[in-house]
1. How much solvent-accessible surface does Trp43 expose, in Å² to the nearest 10, with a 1.4 Å probe and all protein chains in place?
2. Rank Tyr225, Tyr84 by accessible area, highest first, at a 1.4 Å probe radius?
3. I'd like the distance separating the alpha-carbon centroids of segment 174-242 and segment 45-111, in whole Å.
4. Just Asp29, Asp232, Asp205 to compare: in a GNM of the chain, with alpha carbon springs under 10 Å, which one fluctuates most?
5. In what order, largest first, do Ile229, Ile132, Ile252, Ile121 sit by accessible area if the probe radius is 1.4 Å?
6. Give me the accessible area of Tyr33, 1.4 Å probe, in Å² rounded to the nearest 10.
7. Using the C-alpha atoms of segment 25-96, what convex hull volume per residue, in cubic angstrom, is computed?
8. Carbon and sulfur: what percent of the chain's accessible surface (1.4 Å probe)?
Amino acid sequence: MTTEIDLSQLRTGDRLQRDLFLDNRSVPDAARYARIEAAEAEWIVPLVADIEADLPVLTSRAEWLAALERVLAEERDGAPSSRYLADESTREQFAIVVEEFAPDGLTEAQNFFPAVARLPIRAQMAVMRVMIDEFGCGNLAQAHSQLYRDLLAELDLPSELPEVLRDTNDETYAFLNSFYWMASRAVDVEYFLGALAYLEAAIPDAFAFQARACERLGIAHGRYYTEHIHIDDFHMKEMQTAIKEYEAARGIDPTKLLAGAILLSSLLGAAMDAAVEKAVAKTAGGR
């Protein structure tokens, strides 16, 4: 099996987000890195600047925590797309959404690693405790990516990365690509810390909709979702520990934490909306 995605087959047309993901997942050289920087300068750098310009200036970690809780409270009831998935989607539609997010499920947390080297040691330890769980504490059967493979197999979907990339939405690629930038190239690592803190805090509520769909549709391998609901409460606390330790060692910009959270919230919400819209459109003839 090749260890690198076959770019020649997947690069067709002009799709910034897909091509950026492929470059992020490939062995870097000067030309590739130049493409990455050019794509990010066109897309995420101005996007984050716009988000930050619209935020109030936060002056403390307490203000960051209060702002994060407001974001989470606004999302707790779920978007219409999530409620549709939970309560109305067919098995075929649910499978389309599962395949849409396979590039995330099959590479879960791999794009976090570059951020670890940028953190002081105590903050590193908190983030690593999160990541160790993502990889099943070294037990393949418990690794989150393996749980996703089990779900894909039950739904008769492909389970290797090159196979699931051909029809992936730009919105899903953008969600994935954001972490490559935040972890590796964003000057301020607070964006990464805020985004991951948001993600770990939001997932228990967000994945409750997928778990509900699995129960309703009789899907046996919904453990990918229920495991996140179970473990991400612990991860949420660890990310706040990481932020606290980062502040103690280097000081912190809480506004950048919130910008990272808002960025990821908007990208993940857009990805879910687009995935459900695609699932409904693809099955419209049979409804």
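1. Looks like 40 Å² after rounding.
2. Sorted descending by solvent-accessible area, the residues read Tyr84, Tyr225.
3. Centre-to-centre distance over Cα atoms comes out at 9 Å.
4. Per the Cα network of the chain with a 10 Å cutoff, Asp29 tops the list.
5. If we order Ile229, Ile132, Ile252, Ile121 from most to least accessible, we get Ile121, Ile132, Ile229, Ile252.
6. 90 Å²
7. Numbers: hull volume 13.4 nm³, N = 72.
Each residue corresponds to 186 Å³ of Cα convex hull volume.
8. Carbon and sulfur atoms account for 54 percent of the accessible area of the chain.
The values are calculated or read from the model by the stated rules, or taken from the named source; none is laboratory data. These numbers come from a predicted model, not from an experiment. These area figures cover heavy atoms from the full protein model, side chains too; ligands, DNA and RNA do not enter into them. Shrake-Rupley method; radii C 1.70, N 1.55, O 1.52, S 1.80 Å.
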